[in-house]
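The values are calculated or read from the model by the stated rules, or taken from the named source; none is laboratory data. Just so you know, these numbers come straight off a predicted model, no measurement behind them. Here the Cβ is made from the backbone with ideal geometry for all residues, glycine too, and neighbour counts use every protein chain on show.
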Amino acid sequence: MKFFFLIVFFFCSCIHKSDSSKIKSANFDLSEINLNQSKEIKLDGEWKFIWNDFLDPVKIQTEYSKFNSFMKVPSSWNQFEQDGKKVGGLGFGTYLLKLKFSKEQIGEVLILRIPHFGTSYKLYVNEKLISENGKIGTSKEESEPNYILKMGSFVISSEEVYITIHVSNFYHRKGGFRFDSIYLGNVSAIDKFNSDSKFYMFFLLGSLVVMSFYHFGLFFLRREDITALVFGIFCSLIAIRMTLVGDIWITSILPNFNWNLLYKIDYISLFLTSGSFTLFSYFIFAKNFHKIILKVFIFFYLTHSILVLVTKPIFFSNTLIFFQVIMSINSIYILVIMFLSAREKNSEAIPALIGLIFIVLTIINDLLYNNEIYITGFDNLLPFGVFIFIFSQSFILSQLFSNAFKSVKVLSSDLSKTNEAYSKFVPIEFLNYLNKDSIMEIKLGDQVQKEMTILFSDMRSFTLLSEKLTPKENFNFLNSYLSRMNPIIQKNSGFIDKYIGDAILGLFPNQAADGVNAAIEMQKEIVLYNKHRENRNYSPIQVGSGIHTGNLMLGIIGAADRMEGTVIADSVNLASRIEGMNKIYNLNIIISDTVLGKIDKSKFQYRLIDKVKMKGKTIYTTIYEIFDFENESLIELKNKTKKDFELGIESFLNQSNEDSKNYFEKVLQINPNDQVAKIYLEKLGKSFTN
């Protein structure tokens with residue numbers, strides 16, 4: 001906030017202050033002033049004024065003393081009395097001023113910076129015409145209005161110099177030497193004054209234009225933010241008015257700009273500016289701003305704008321007094337609303353209140369100035385007030401963006417944690433295959449078809465184990481086991497689709513070998529896990545895995561308020577059936593012939609187990625045992641007996657029972673603990689009995 005007030009102080013100090021000694025009785029003594037070192041001088045004060053007459057500048061020097069009527073400059077002549085009556089706004093007259101110089105100042109060149117008059121003029125220094133604007137006349141038909149800022153130069157030719165100004169007005173409600181001052185100075189002083197004025201004007205104008213586009217951009221990016229649109233319109237209207245009031249820069253660029261059109265734009269922009277500011281205040285302080293009052297103000301400003309469009313300046317300019325009354329009431333009402341809203345003491349309230357107060361105060365200043373009540377001595381301060389308000393808005397925006405950034409950071413963190421939590425229920429890989437970036441994009445019916453390797457693992461005799469445990473111990477046991485298996489599956493480029501009690505359904509989208517490697521590592525981990533259980537006096541566990549490769553569909557099933565991801569495929573059922581064969585042959589890992597065909601056989605230890613027709617299938621599936629996880633001696637024995645073992649199975653399948661029996665007996669002679677060979681001999685024994 002301290003920085004905010006420093007900025008306000010800096011720009012207040014930038015408002016140009018000129019040397020001004022009030023002129024008395026239309027005589028201004030400049031003989032003691034060093035014109036080469038002084039600033040520009042305001043020629044404000046009492047000028048002689050002659051109503052309904054254009055005095056001959058040549059005769060002024062000899063007849064100057066006989067004119068005894070005076071007019072305050074700058075001010076309109078409306079209140080000037082002639083024969084006891086106010087002259088009003090329409091008519092013509094002559095302004096006179098005598099400047100006194102020293103002998104040493106004779107020969108110096110001075111510049112007059114001449115504002116517009118209401119509504120046309122000719123300016124003479126002694127008898128020489130040095131500037132004119134529009135066309136003066138004694139009637140409306142003879143005159144033409146125009147507003148252009150001009151410069152006029154003259155050489156000090158004597159100790160007394162007379163300025164004569166002929167002014168006529170038949171187009172505006174106010175006439176004469178209104179609002180702005182004539183400035184006198186040497187070339188450097190006037191040039192500096194002009195450059196300072198341009199800098200002030202273009203800096204504010206640039207700020208307003210930038211903020212206009214910025215807020216229009218905010219609105220087009222976020223259409224529901226009507227406040228941004230209204231504020232953009234407000235800044236645009238103020239920028240337009242800056243080119244139409246004061247020095248009227250637009251006529252410096254377009255000197256032939258139509259005076260009537262200029263004045264219509266001036267008044268319409270004034271009314272619409274007031275309306276847009278009122279509307280903006282309503283959106284900012286909607287809680288305390290009565291909607292009916294808003295509608296009354298907006299209706300007033302719109303009807304006055306329409307009136308300007310359909311009437312001439314001589315008529316609609318008279319509505320300005322009524323407008324100023326309404327605008328004053330409007331400004332006071334907005335100030336009251338701001339103070340009421342500031343009671344909430346939120347972080348944005350104080351800078352917003354300060355900025356809005358500046359706008360309201362500058363509006364009041366400009367209204368009073370236009371009615372020739374000079375508080376600050378400056379006209380058109382509204383753009384300055386708007387700039388201060390814009391700065392306060394930027395301060396608020398920085399707070400809002402800072403808060404928004406913090407909120408986004410918190411939300412991003414929360415979202416990341418939420419996504420991480422969701423990924424524990426719905427694997428990220430599952431979303432990726434459905435081409436979804438977030439679980440929030442998931443909808444019923446999303447599905448994709450892909451070939452994958454399915455690993456189905458199940459724990460032996462889990463029911464018997466769980467019966468000996470409490471519910472809490474059961475969950476601890478399962479979580480302990482599953483937490484060891486999940487990293488192995490992930491390590492081998494797989495992901496777990498679901499847990500079915502103690503069973504695991506894992507999917508491997510890349511290579512069939514990934515699923516086989518995962519099953520081997522799971523068996524090795526179970527060996528370590530059983531040692532851990534043994535140390536705690538728990539029974540060891542045995543886990544079987546069935547692996548198959550095939551097409552499957554990943555998708556979302558369920559209802560609108562309860563859905564889940566799943567895989568649907570005959571391949572999944574087959575993997576489950578293959579896993580079940582482990583129980584029959586007392587094995588740990590069995591794969592299908594499809595899997596065997598997709599892996600590098602030289603990298604794995606395997607042997608033929610059976611050729612079976614699974615439940616619900618019409619074709620046979622050849623299954624193989626994977627035994628890479630066994631100890632080296634057992635692997636050596638199985639490899640040594642592999643040829644006879646597989647010949648025994650082939651003979652069995654070909655119903656060559658005697659040959660099959662001989663092969664399996666050879667296997668058991670070398671490896672007496674081969675459980676599969678024993679099972680086949682039992683089958684053969686039954687067949688011989690039958």
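Restricting to region 139-164, name every residue that is in contact (Cβ under 8 Å) with a residue 60 or more places away in the chain and either not β-branched (Val, Ile, Thr) or not in a strand (DSSP E or B) (or both). Steps first, answer last, please.
Of the residues in region 139-164, the ones in contact (Cβ under 8 Å) with a residue 60 or more places away in the chain are 144-149, 159-164.
Scanning region 139-164 gives 144, 145, 146, 147, 148, 149, 159, 160, 162.
Looking only at residues in region 601-610 that are touching a residue at least 40 places away in the same chain (Cβ under 8 Å) and either outside any strand (DSSP E or B) or not assigned by TED's automatic domain parsing to the domain that holds residue 521 (or both), which one is surrounded by the most Cβ atoms within 10 Å (Cβ to Cβ)? For region 601-610, the residue satisfying everything is 604. Go through (1) surrounded by fewer than 17 Cβ atoms within 10 Å (Cβ to Cβ); (2) more than 30 Å from residue 172 (Cα to Cα) one by one and return the number of the condition residue 298 breaks. For residue 298, the exception is condition (2). In this entry, residue 256 is excluded by the filter for residues that are polar (S, T, N, Q) and either part of a helix (DSSP H, G or I) or surrounded by 19 or more Cβ atoms within 10 Å (Cβ to Cβ) (or both).
Restricting 478, 469 to residues that are over 27 Å from residue 598 (Cα atoms) and in contact (Cβ under 8 Å) with a residue 12 or more places away in the chain narrows the list to 478.
Scan 673, 662 and give me the residue that is at pLDDT 90 or above, surrounded by fewer than 13 Cβ atoms within 10 Å (Cβ to Cβ) and not in a strand (DSSP E or B). Of 673, 662, the one residue that is at pLDDT 90 or above, surrounded by fewer than 13 Cβ atoms within 10 Å (Cβ to Cβ) and not in a strand (DSSP E or B) is 673. Scanning region 611-648 for residues that are assigned to a loop (DSSP other than H, G, I, E, B) and of a type in the set (A, V, I, L, M, F, W, C) yields 614, 619, 627, 629.
Can you pull out every residue in region 102-119 that is farther than 15 Å from residue 40 by Cβ and under 50 Å from the mean Cα position of the chain (by Cα)?
Scanning region 102-119 gives 116, 117, 118, 119.
Which of the residues belonging to region 125-138 are touching a residue at least 60 places away in the same chain (Cβ under 8 Å), farther than 17 Å from residue 49 by Cα and buried (at least 21 other Cβ atoms within 10 Å of the Cβ)? Scanning region 125-138 gives a single hit, 134. Among the residues of region 611-629, the ones that are closer than 18 Å to residue 519 by Cβ and crowded, with 18+ Cβ neighbours inside 10 Å come to 7 in all. Taken over region 451-469, the criterion of being assigned to a strand (DSSP E or B) and β-branched (Val, Ile, Thr) is satisfied by 453, 454. Scanning region 197-248 for residues that are within 15 Å of residue 266 (Cα to Cα) and assigned to a loop (DSSP other than H, G, I, E, B), we see that the one that is modelled with the highest pLDDT is 243.
For region 497-518, a residue qualifies if it is among the β-branched types (Val, Ile, Thr) and over 26 Å from residue 603 (Cβ atoms), and exactly one does: 500. For region 578-589, the set of residues classified as buried (at least 21 other Cβ atoms within 10 Å of the Cβ) and either in contact with a Lys or Arg (Cβ under 6 Å, 6 or more places away or on another chain) or farther than 14 Å from residue 542 by Cβ (or both) consists of 578 only. Is it fair to say residue 489 is crowded, with 19+ Cβ neighbours inside 10 Å, within 46 Å of the chain's Cα centre (by Cα) and in contact (Cβ under 8 Å) with a residue 24 or more places away in the chain? Taking the combined requirement at face value, the residue satisfies it. Just one of the listed residues (287, 291, 295) is under 32 Å from the mean Cα position of the chain (by Cα), at pLDDT below 85 and of a type in the set (D, E, K, R), and it is 287.
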